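J.: Would you mind keeping the following structure in view while I ask a few things?
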Amino acid sequence: MEKKIPALFLDRDGVINQDFGYVSKKENFEFFPEVMEIALMATEKNWPIVVITNQSGIGRGLFSEQELLTLNDWMAEKFQEYKIEISLVLYAPENPGDEIDESKLRRKPSPAMFFEAASQLQLNLGESIMIGDRESDMIAASNAGVGYRFLIGENQINSVATKVVKNHKECIEELERFFHNDLGVI
């Protein structure tokens, strides 16, 4: 039986790139400069990197699924320029206003995309890290059993995150502590 490995899960808008609202074209995609450093830390540990993102712009008719897939490919190419492999990109196209059968709901705070990634990549969710900028990211990760949940943003109270950081720079500092601690305990 293959040993399960931890992964680094990243939300997209607000973590990988600036959240300008319904970003669907590379012209509007502005990377946070620190995200490559964050991803490199996981790459150095041979952790897969998985992007898990709500993309309700599809369900709202603001952009097509093909436009999102094209943008995802471009984003992955930009990571590859830094020798970083994105193992998987999962997205939820649902409009939160639509009625959807609970069993088919992928949109965070549902943990469904985490379970899908774990199944596809043989991941140990309990030893994995999720970095998000919304409480729905943290709830989804918590419900999936992701052991370490970093929430980027000020004024976050009563969060299920295991660590709340003000910004990407502070996130890097916390990840350095995490990855340099053999026990993996924050």
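J.: Can you pull out the residues in the range 163-186 that are in a loop (DSSP other than H, G, I, E, B) and either open to solvent by less than 30 Å² (accessible area, probe 1.4 Å) or in contact (Cβ under 8 Å) with a residue 12 or more places away in the chain (or both)? Lay out the reasoning, then the answer.
T.: In the first step, residues of the range 163-186 are kept if they are in a loop (DSSP other than H, G, I, E, B); the result is 166-167, 180-186.
LYS166, ASN167, GLY184, ILE186, listed by residue number.
J.: Being at positive phi and either in contact with a helix residue (DSSP H, G or I) (Cβ under 7 Å, 6 or more places away or on another chain) or surrounded by 15 or more Cβ atoms within 10 Å (Cβ to Cβ) (or both) is the filter here, so list the residues in the range 1-41 that pass it.
T.: Passing the criteria: GLY14, TYR22.
J.: Condition test on GLU44, is it of a type in the set (D, E, K, R) and either over 26 Å from GLU135 (Cα atoms) or open to solvent by 60 Å² or more (accessible area, probe 1.4 Å) (or both)?
T.: Details: of a type in the set (D, E, K, R): yes; either over 26 Å from GLU135 (Cα atoms) or open to solvent by 60 Å² or more (accessible area, probe 1.4 Å) (or both): yes.
Criteria met by GLU44.
J.: So GLN55 ticks every box in (1) open to solvent by 10 Å² or more (accessible area, probe 1.4 Å); (2) modelled with pLDDT of 95 or more but one. Which box is left unticked?
T.: It is condition (1) that GLN55 fails.
J.: Could I ask something else about it? Within the range 16-30, can one find any residue that is in contact (Cβ under 8 Å) with a residue 24 or more places away in the chain, of a type in the set (A, V, I, L, M, F, W, C) and out of contact with any Leu (no Cβ under 9 Å at 6 or more places or on another chain)?
T.: No, the range 16-30 contains no residue that is in contact (Cβ under 8 Å) with a residue 24 or more places away in the chain, of a type in the set (A, V, I, L, M, F, W, C) and out of contact with any Leu (no Cβ under 9 Å at 6 or more places or on another chain).
J.: Exactly one of these conditions fails for GLU2: (1) at pLDDT 95 or above; (2) more than 25 Å from GLY97 (Cβ to Cβ). Give me its number.
T.: (1)
J.: Please verify whether LEU123 is more than 15 Å from PRO48 (Cβ to Cβ), of a type in the set (A, V, I, L, M) and modelled with pLDDT of 95 or more, treating the condition exactly as stated. Reasoning before the result, please.
T.: On the way: more than 15 Å from PRO48 (Cβ to Cβ): no; of a type in the set (A, V, I, L, M): yes; modelled with pLDDT of 95 or more: yes.
Against the criterion (more than 15 Å from PRO48 (Cβ to Cβ), of a type in the set (A, V, I, L, M) and modelled with pLDDT of 95 or more), LEU123 does not qualify.
The values are calculated or read from the model by the stated rules, or taken from the named source; none is laboratory data. For clarity, every value in this text was computed on a predicted model and none was experimentally measured. Ideal geometry is used to build each Cβ from the backbone, glycine not excepted, and the neighbour counts take in all protein chains shown. Just so you know, the surface numbers come from the protein's heavy atoms only, side chains and all, with ligands and any DNA or RNA stripped out. Shrake-Rupley method; radii C 1.70, N 1.55, O 1.52, S 1.80 Å.
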